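Worksheet: the structure to be examined is printed underneath.
The values are calculated or read from the model by the stated rules, or taken from the named source; none is laboratory data. Keep in mind that this is a model prediction, so the values were computed, not measured. Because the Cβ atoms are built from the backbone with ideal geometry, glycine has one as well, and the counts that use them run over all protein chains shown. Note: accessible area is taken over every heavy atom of the protein model, side chains too, but ligands, DNA and RNA are not part of it. Shrake-Rupley method; radii C 1.70, N 1.55, O 1.52, S 1.80 Å.
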Amino acid sequence: MREALRRVTSVRELPPRQWWVYCLRHTWPWAPLLMVSPYARTAARATIGRWRA
């Protein structure tokens with residue numbers, strides 16, 4: 001899971017600070033939920049993938 005989250009938060013994918021600024025500017029009411037969703041989705045996929053293997 002650590003590797004998957006590291007990959008998502010890389011400069012090429014979704015750096016947390018820039019992603020937060022984007023969410024605040026463009027989707028204010030849903031910004032906190034939208035901010036966390038890609039990271040939570042990645043963590044869930046990595047965890048489920050470990051259970052299946």
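If the condition is being modelled with pLDDT under 95 and hydroxyl-bearing (Ser, Thr, Tyr), then the range 13-26 contributes no residue at all.
Scanning the range 8-23 for residues that are within 22 Å of residue 33 (Cβ to Cβ) and either over 10 Å from the mean Cα position of the chain (by Cα) or open to solvent by 100 Å² or more (accessible area, probe 1.4 Å) (or both) turns up 13, 17, 18, 20, 21, 22, 23.
Those residues that are of a type in the set (Lys, Arg) and assigned to a helix (DSSP H, G or I), I need them from the range 7-42; list them, please.
7, 17, 25, 41
Note on the range 43-53: among residues that are open to solvent by 60 Å² or more (accessible area, probe 1.4 Å) and assigned to a helix (DSSP H, G or I), the one that is farthest from residue 2 (Cα to Cα) is 52. Scanning the range 1-41 for residues that are within 25 Å of residue 51 (Cβ to Cβ), out of contact with any helix residue (DSSP H, G or I) (no Cβ under 7 Å at 6 or more places or on another chain) and among the β-branched types (Val, Ile, Thr) yields a count of 1.
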